[in-house]
1. Identify, by number, the condition in (1) at pLDDT below 90; (2) of a type in the set (A, V, I, L, M, F, W, C); (3) surrounded by fewer than 22 Cβ atoms within 10 Å (Cβ to Cβ) that residue 135 doesn't meet.
2. Can you work out which of the residues in the stretch 306-333 that are within 18 Å of residue 252 (Cβ to Cβ) and part of a loop (DSSP other than H, G, I, E, B) is modelled with the lowest pLDDT?
3. It is to be established whether one or more residues within the stretch 151-161 are touching a strand residue (DSSP E or B) at 6+ places or on another chain (Cβ under 8 Å) and farther than 24 Å from residue 491 by Cα.
4. Scan the stretch 173-196 residue by residue and report those that are over 30 Å from residue 132 (Cβ atoms), in a strand (DSSP E or B) and among the hydrophobic types (A, V, I, L, M, F, W, C).
5. Could you tell me whether the stretch 145-165 includes any residue that is in contact with a Pro (Cβ under 7 Å, 6 or more places away or on another chain), open to solvent by 30 Å² or more (accessible area, probe 1.4 Å) and within 28 Å of residue 520 (Cβ to Cβ)?
6. Can you go through 389, 352 and tell me which one is closer than 14 Å to residue 453 by Cβ and surrounded by fewer than 18 Cβ atoms within 10 Å (Cβ to Cβ)?
Amino acid sequence: MDATTSGTPTIQYHNIPDQSGTAIAAASVPTFPRQVRHCFGDSSPGEFPLAANPSIVLHVLTACNLDPRDLAKLEATNFTPDYELSISELAALDICQKRAIFKPMTDEECQNLKRKCGGSWKLALRFLLAGEACCRREKSQAIAGPAHSIAVTSTGVVYSFGSNTSGQLGHGTMEEEWRPQQIRSLQGIRIIQAAAGAGRTMLVSDAGRVYAFGKDSFGEAEFGVQGTKLVATPQLIESLRDIFVVQTAIGNFFTAVLSREGRVYTFSWGKDRKLGHQTEPNDVEPQPLLGALEDVPIVQIAAGYCYLLCLACQPSGMSVYSVGCGLGGKLGHGSRMDEKHPRLIEQFRLLNLQPMVVATGAWHAAVVARDGRVCTWGWGRYGCLGHGNEECESVPKVVEALSKVKAVHVATGDYTTFVLSEDGDVYSFGCGESASLGHNTAAEGQGNRHANVLSPELVKSLKQVKEKVVQISLTNSIHWNAHTFALTESGKLYAFGAGDKGQLGVELMNNQTERVNPERVDIDLE
């Protein structure tokens with residue numbers, strides 16, 4: 001709002017002498033027309049352009065207690081402000097330029113991103129930060145795949161262990177590994193994101209390149225007939241060379257990737273236009289997911305059993321689109337119908353909820369909202385929706401049992417759900433098979449450690465690690481026994497659940513096939 005029209009007195013931070021300040025401004029600064037600020041929501045207050053308010057800059061510099069060396073360094077930068085931007089826009093652009101995926105972008109690419117995000121650097125920054133928050137991009141991470149596991153350190157070094165029947169560990173062999181082994185062929189390449197499917201692994205580098213190994217197929221079912229060629233070392237996916245990729249997701253019958261600009265591409269499962277395009281199952285060319293998403297920036301993708309969720313970041317707020325198989329109501333539209341093109345899930349608007357993280361299980365899905373609420377929907381078998389029953393929900397429904405918990409992350413698997421709270425507590429519910437819920441703290445072999453849990457319960461065994469948990473990953477497969485990873489703030493990794501193929505990264509004794517309580521994996525991801 002303009003202070004001169006509102007009656008609010010103008011605040012004077014410093015009295016700058018008119019003679020020198022006016023002379024400088026007249027000599028070097030063009031007349032600055034008042035513009036309307038790009039902001040979140042529908043309000044449109046006035047701008048605070050740099051050219052019109054040099055006193056604000058002086059106030060900031062003098063209020064920061066800078067010493068002479070700091071001021072000398074500032075002067076040495078030869079910083080030339082863009083007088084067409086406000087101070088807030090200038091600050092947002094500067095923060096954007098510090099993001100790893102933004103740095104390599106050309107001026108034209110930067111402007112296109114800004115336009116797609118709503119015409120503001122503040123909105124572009126929100127888009128970048130949202131993507132980093134929901135995917136742990138450029139941070140340490142652990143992936144509990146179907147019988148094999150991937151761990152990525154904060155510096156981008158990759159370790160793998162577990163089943164290796166298709167070369168999915170990337171070590172050049174087909175031998176199982178019961179301890180984390182570094183993928184040596186990736187030395188010099190920094191990996192920022194990983195995905196693990198049945199017999200297949202995909203990795204994304206900080207340069208936007210995608211490497212894959214294991215089954216050489218983008219669309220094979222977990223037990224399919226195609227993909228007979230096996231690749232035992234990471235290979236660059238040539239068809240994605242011209243797309244700067246920031247995330248991959250492996251679903252059943254298809255693969256999806258997300259570009260830096262927020263566009264989604266899919267491989268396979270399109271012969272009957274199930275994903276909005278018509279291609280053969282062995283097609284290696286990425287197809288853009290268009291329709292409603294043609295000009296909508298996406299920050300996260302999540303692939304389940306024959307369906308895909310896309311988290312969108314628009315000027316009006318965050319939203320979720322779904323496409324694919326609607327069995328069990330997992331698309332969230334109030335029916336069990338398939339969707340061949342991406343469709344907006346309307347229920348979040350009715351709940352007055354801003355989605356911030358999406359997760360897809362085999363048959364159900366979940367979302368964490370900005371205010372910490374958790375929504376689940378889809379097939380509720382074994383209590384995986386957390387509503388105290390096994391009923392299906394065809395639209396997102398708030399998990400009332402977590403009303404006093406502020407959630408920040410959610411992970412889903414085959415009829416299993418984990419919720420991570422702001423203070424690092426972990427809750428789980430759903431199918432207790434393979435002891436992957438982590439609830440039984442009794443001695444090995446005692447008690448019913450396979451009990452199903454219909455409502456969220458605190459995973460007390462993770463409280464014993466006495467560290468804040470920052471990531472949970474669990475197996476998302478209908479054909480493999482599940483295991484779970486918990487990553488702590490200091491980079492320690494704990495594992496529990498099925499371990500018969502070495503996927504826990506720890507040795508099992510006396511013919512054991514699983515671990516009930518979390519056990520430390522011998523690897524430091526920080």
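The values are calculated or read from the model by the stated rules, or taken from the named source; none is laboratory data. Computed from a predicted structure; not experimentally measured. When we count neighbours, we look across all protein chains shown, and the Cβ atoms used for this are built from the backbone with ideal geometry, even at glycine. SASA here: full protein model, heavy atoms, side chains in, ligands and nucleic acids out. Shrake-Rupley method; radii C 1.70, N 1.55, O 1.52, S 1.80 Å.
1. Only one criterion in (1) at pLDDT below 90; (2) of a type in the set (A, V, I, L, M, F, W, C); (3) surrounded by fewer than 22 Cβ atoms within 10 Å (Cβ to Cβ) is unmet by residue 135, namely (3).
2. Among those that are within 18 Å of residue 252 (Cβ to Cβ) and part of a loop (DSSP other than H, G, I, E, B), it is 306.
3. no
4. 178
5. yes
6. The conditions single out 389.
One line per residue, one yes/no per condition, for (1) open to solvent by 10 Å² or more (accessible area, probe 1.4 Å); (2) part of a loop (DSSP other than H, G, I, E, B); (3) in contact with a Gly (Cβ under 8 Å, 6 or more places away or on another chain); (4) of a type in the set (Asp, Glu):
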{"position": "109", "(1), (2), (3), (4)": "yes, no, no, yes"}
{"position": "115", "(1), (2), (3), (4)": "yes, no, no, no"}
{"position": "123", "(1), (2), (3), (4)": "no, no, no, no"}
{"position": "126", "(1), (2), (3), (4)": "yes, no, no, no"}
{"position": "142", "(1), (2), (3), (4)": "no, no, no, no"}
